[in-house]
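Notes for the one structure printed next.
Derivation of every value follows stated rules applied to the coordinates shown; laboratory data play no part. Since this is a predicted model, take the numbers as computed values, not measurements. Cβ: placed from backbone, ideal geometry, glycine included. Neighbour counts: every protein chain shown.
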Amino acid sequence: MAEMKYIGKKTPRVDGYSLVTGQPVFADDVHLNDLLHIKILRSPYAHAKIVHIDVSEVLKMKGVVDVITHKDITPRYFTTAGQGYPEPSAYDTLILDSKVRYVGDRVAIVAAESVEIAEVALEKIVVKYEKLPSIFDIREAVDNPSILHKGEDKAGIADFNRNIAGHFDAEVGDVKKGFAESKQIFEKEYSLPYVQHCHIEPHVALTWIDENNRLVIRTATQVPFHVRRIISRILDFPMSRIRVIKPRVGGAFGGKQEILTEDVCAAVTLRTHRPSRLELTRAEEFHASRTRHPQIVKFKIGVNEDFTFNAIEMNILENSGAYGPHALTVMSVTASKSLGLYRSPNIRVNATAVYTNLPVAGAYRGYGAPQGFFPLESLVDEIANELGLDPVELRHINYVREGDDVPIAQILGEGREGFPVVIRSCGLHQCLEEGEKLIRWNDLRKGKKSGIFRRGVGVAIAAQGSGIAGIDMGSVFIKMNEDASFNLNLGATDIGTGSDTAMAQIAAEVLDVPVEKIIVYSSDTDLTPFDAGAYASSTTFISGGAVKKAAEEAKRQILERGKKLLKVDKAEIEDQYVVAADGKRISYQEVCTKTLYTEEQMQIMATASHTSFDSPPPYNATFADVTVDTETGFVTVNKIVSVTDIGQVINPQMAEGQVEGSIPQSLGYALSEFLVFDNKGSPLNLNFNDYHIYTAIDMPEIVTKFVHTHEPKGPFGAKAVAEIPINGPAPALANAIFNACGVRIRELPITPEKILNALPKD
Amino acid sequence: MTVSFTLNGKSTTVDVPLGRSLFDFLRGSGIFSVKFGSDKGEAGCDTVLINGRAFNASLVLMHSVAGKEVETLESLVEDGKLHPLQQSFLDAGAMQSGYTAPGMIMSIIALLRENPYPTEEDIRDALAGNLDRETGYVKPVQAVMDYLASRCIELVEMKNTNKNSC
Amino acid sequence: MWPSIKEIIFPESLDHAVTLIENGAEFFAGGTYLVADRDSSIHTLIDINKLISNDITVSYGGVEIGAGADLQKFIDTAVSVNPDCRLIKAAKWSCSSKNIRNQRTMGGEIAKRRINSEVMVFLLVVNADLTIFTDKEKTISIRDWNGKGIITKISYYPARLESVEIQRYSVIPSAPAVVIAAGVRKGNMLTFTVGGKAIDFSRFVLPIKKYEENRLENFATKAAGNFFNDHYGSVDYKRHLIYTALKRMKEKL
């Protein structure tokens, strides 16, 4: 392939200037006249019926403009999950319901002239609750006499009478026979806790009626087009009169793939005809937005004489919390990503998602994959140690190879059966080799393991996807201006990932113009074509594919026009010129100017859509170097090495940033982050003093590397980067702890007390 | 309550309700580089300088800034030209969404005023109150190191030029 | 916005200030704790910033800290006096955000009496003196302060810091510590102070000559009585942490 000019090169962000100068580019960075401020009254009980609600005193308050309870809203069930239509998540949620199902569930909405008035007003709403029995233990949910979602009018719940939000099982080969033939069988159970995204920008939405009597929603979202569709239906308001604007977004990680503010804001604006604003507080973010799905995962692996895997069985019990957004699809990703990592002729999985009276889980970076890889990569490590093998070696023996097909991934799909999965690029071999060197694997693994402070290393490998095969779609519109700049309008949602820049690089590479010549505008349902949204690591792969196609079409038009203007049959594009064989040439500027103003006038422009029946997995190997204080159980992470195969890297600096940002999230998952509840289901740690995310002084040394592969299905050979690096650090850390002190913790978070209790007493 | 202070070099007198925070005031005045991060004010994306030191604007009440000098990120750009530290953040790719970049930059500006030659440990200490969920702090710290390195080179060059002129 | 605030008073003198305290009125210095919580039962702030010094002076006699000095200034000064003292360096962990340390005052930190504050553990173990204004100024040991009046000055004696140690255990360094233990040796006496996520500090004095292993264990058990079971660990585990901390400090002191 010819040397590329912009792909794979360091390219400053197209929005960089506005970000370092603090320009008003985020959702809340706007002043609206006559603005109403919204606050939500939330349930103090985990499970209760609202038997009486009285807002008469509140309505008399000066400055209170509107109060909404469940009595004021026509009930239309929906899912808050911003997924493609029809959504694979259950329609089990109302904007406001007469029943509350977790501490923090919505009870009433107040709109007032100021935040302070709204806050005081909340306290004056009189609510009588009839408490109902609650379910807090995930193992007690199925067939519990207390049922969370009674009612036939809800759709898509697997079995509401049994509190089952979603369920699937699948088998490839014959697992029973597979285990019977195996030389040795290993089986262990693992548990994953509640953790929260902690994007620093909270959920915030502003709505108003514009000069054309249309509803405008300016919101921090990953899914503007799904917001428009869902709001239109649940508020029974014509889609043609809704415009959703996605400005810059201050981090999302899946948390903003959810309708959590827009419905309330839009309802208030439609009732009052006034601009409205709703911003969640940090406390609300922690317990009343969304979390990662807690799961209990059981893995069983049968191993042959030659250390290959003969059978793998996986059981998932997932806690969806009080509602079921993403319940089915998250656990199908848990299964398909981890079961797609290793070769095995016999594979079976059984998964059940249940309702409990705890916070609602949703999409969170990795989308279930981290919940699968912690168990899988812990167990593979256990097997290697049991068999006396180097854990890296056991992985080399078993991971998938280029050319393999992965039938289990096809059966599982995402919410429904998917498409044939064939691995066309896999850099796991190089990832492991590079990582071993960078972490000093052999030295540290076999080093001395005695004394109070013991050092050890661990490894984990992982896979993810690139978009959702056959479901995600991205589209773009590109037009040429007479100075040879191009407007690139696309639905793809840059949520802080830098995808606008990556898209500009792809367009620049195709059109052979500098990146500065590409003016990117992303995500406004009025101005940009459809995109399924920024989730499932889809933007580079899916939307990037659309950008490439549209740019190629624009380039074809430039060439055609150039040839006409030069009056030649054959020409080539070279450095912003159309050049004929005899050396005659015409610049991009001239082509465009003449085409716009004088010669057979038209606009050089193109649209393109892209979808894929493939979701090529990016791969990663993460290595951790830790020291365990065996007197206290405290763990110090010395270093994390993360080596990733994302095919052709589009923007090295931003790709590194994705990896570097993932690592502390996963380390937090392993060590310091966990939402805790009292015995009534009330959350106890709702701020950053009590919920511990990594700060600049907590970071270990981070080493980030990419290995080179080429994915034939991706734009310029690229695969996705956003989620893959979050899978490895937690299991690599757990494995490093085992290597250091012989203790295996199968339940996150790994607290010092768990380690100490597991250490042999002397 | 009337409060007089200096905001980004301009003397300012405002009438604000008691109990109003500097954060609310700034955003209300269109200074949008200060960002909301947490109800308890511990996130640091609202970092501003008061008399040259870094503070979280959410934790500062307006009466406390009377007679003081308040600086926000908006003051850094001069004649449309980025402050070299901002340029370093850009060059190092020290942001993903950029939501927390203004706060980090202001914390470092304060650090550099008290200590023009900070170590990596000093830099991390100064950033410890700037919570970020996107960069792992790797590139922001790198950006500051790059900035320091480029300034050292500048100083050496200046010294050399001076020598030549002597 | 802290909407319940109806009045902010700038008293002329300390005499005046102390007469203003009543239900719903609070002394206001740095304000970091107060503004973070925005307690709606508070309606009056008595701003005492102009009445208390923020100077820190170092002399042969010791270190004298105006109660208005912020945590960062205290740490910078104290570290410059005892550059090798790990205990003083650890004081910054009482609040990992430098921005907040710039604002939080020493007087406020003591008045808040947060049990998992390294600054408090430091001041307790070195047995700092407080100058308190009630109706007049008097100087008392920090251990004897009942929370009444305005703290105007804190003093301690670096000479006492020849041998001091600290152990802190937190899930990650920036997180508030689950257990903080500090120890000093003065002549033949070892003094330990233990704080953390607990309901109170504990203090323990041990003559070196009479040192026996089980005395540390007994003390750890006693100190653990101030702790409770939570997601950071059981009381029994925390007892073990305290014991380990004491043992480690004992070896170094």
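Overall size of segment A:529-627 from C-alpha positions, given as principal axis extents largest first: 70, 31, 24 Å. Each of A:VAL476, A:ILE138, A:TYR535 was scored by the projection of its Cα onto the charge dipole of chain A, and the greatest displacement toward the positive side belongs to A:ILE138; charges sit on the C-beta of Lys, Arg, Asp and Glu.
Please give the residues of segment A:120-161, grouped as numeric ranges, whose backbone N is less than 14 Å from a label point set 7 Å along the Cα-to-Cβ vector of A:LYS60. Counting only backbone N, you get A:124-126.
Per the Kirkwood formula applied to alpha carbons, segment A:200-339 shows a radius of gyration over Rh ratio, Rg over Rh, of 1.16. Secondary structure note: in the protein assembly as shown, about 80% of the DSSP beta bridges are antiparallel. Expressed in Å, the radius of gyration and Dmax of the Cα atoms of segment A:108-158 are 17.5, 47. Backbone N atoms of segment A:66-93 closer than 19 Å to the 7 Å Cα→Cβ label point of A:SER146 are not found in any residue.
Contact order for segment C:16-121, expressed relative to its length and based on alpha carbon pairs under 8 Å spaced 6+ residues apart, stands at 25 percent. Summarising the label geometry, the points placed 7 Å from Cα in the beta-carbon direction at A:VAL51 and B:ALA66 lie 5.4 nm from one another.
Over segment A:97-225, the ratio between the Cα radius of gyration and 2.2 N^0.38 Å evaluates to 1.66.
Across chain A, C-alpha contacts under 8 Å between residues 6 or more apart give a mean separation that, scaled by the residue count, equals a relative contact order of 15 percent.
Between the helical axis of C:71-81 and the longest alpha-carbon principal axis of chain C there is an angle of about 50 degrees. Spin-label model, B:GLU120/C:LYS89: points 7 Å from Cα along the beta carbon direction are separated by 1.6 nm. Reported to the nearest whole Å, the Cα centre-to-centre distance from segment A:700-762 to segment A:421-446 is 13. If R0 is taken as 60 Å, the Cβ-Cβ distance between A:HIS396 and C:HIS16 corresponds to a FRET efficiency of 0.15. In the protein assembly as shown, the DSSP-assigned H stretches of four residues or longer account for a calculated mean residue ellipticity at 222 nm of -9000 deg cm²/dmol, using -39500 (n - 2.57) per stretch and the full residue count as denominator.
For A:ASN638 and C:GLU7, FRET efficiency with R0 = 51 Å and r from the beta-carbon atoms, rounded to 0.05? The value I calculate is 0.45. The simple spin-label model puts a point 7 Å past each Cα toward its Cβ; for A:GLU516 and C:SER155 those points are separated by 6.5 nm.
What angle, in degrees between 0 and 90 and rounded to the nearest 10, separates the Cα long axis of helix B:101-114 from the longest principal axis of the Cα atoms of chain B? Here the helix axis deviates by roughly 70 degrees. When its C-alpha radius of gyration is set against 2.2 N^0.38 Å (N residues), segment B:77-166 gives a value of 1.18. Counted over all Cα-Cα pairs of segment B:1-75, pairs farther apart than 19 Å make up 23 percent. Taking N as the residue count of the protein assembly as shown, its C-alpha radius of gyration divided by 2.2 N^0.38 Å amounts to 0.95. Between the listed residues C:SER13, C:LEU34, C:ASN23, the Cα displaced farthest toward the positive end of the dipole of segment C:7-47, a dipole computed from Cβ unit charges relative to the Cα centre, is found at C:LEU34. Extension gain for A:GLU187-A:ASN350 works out to 57.2 nm (0.36 nm per residue, less the C-alpha to C-alpha distance). Separation of segment A:282-314 and segment A:96-120, taken as the distance between their Cα centroids, equals 35 angstrom. Mean separation of Cα pairs under 8 Å and 6 or more residues apart, divided by the residue count, gives segment C:162-252 a relative contact order of 25 percent. The slack in the chain from A:ILE209 to A:ASN304, taken as 0.36 nm per residue of separation less the alpha-carbon distance, amounts to 27.6 nm.
Over all projection directions, the Cα-based convex hull of segment C:56-160 averages an area of 6.1 nm². How many angstrom lie between the C-alpha centres of segment A:576-591 and segment B:45-112? Taking the Cα centre of segment B:45-112 as reference, the centre of segment A:576-591 is 48 Å away. To the nearest 0.05, what FRET efficiency results for A:ILE452 and A:GLU552 with a Förster distance of 56 Å applied to their C-beta separation? Efficiency computed from Cβ-Cβ geometry: 0.35. Projecting the Cα atoms of C:LEU124, C:THR152, C:ILE100 onto the dipole axis of segment C:56-160, where Lys and Arg carry +1 and Asp and Glu carry -1 at the beta carbon, places C:ILE100 farthest toward the positive end.
Backbone N atoms of segment A:653-686 closer than 20 Å to the 7 Å Cα→Cβ label point of A:LYS437 belong to residues A:656.
When only the Cβ of Lys, Arg, Asp and Glu is charged (+1, +1, -1, -1), the dipole of the protein assembly as shown relative to its Cα centre reaches about 1680 debye. When you filter the trypsin sites (Lys or Arg not before Pro) in segment A:92-153 for DSSP loop state and at most 15 other Cβ atoms inside 10 Å of their Cβ, you are left with A:LYS150. Do the alpha carbons of any pairs in A:LYS188/A:LYS761; B:LYS139/B:LYS159; C:LYS210/C:LYS252; C:LYS89/C:LYS148 sit beyond 21 Å of each other, and which pairs? Over 21 Å Cα-Cα: A:LYS188/A:LYS761; B:LYS139/B:LYS159; C:LYS89/C:LYS148.
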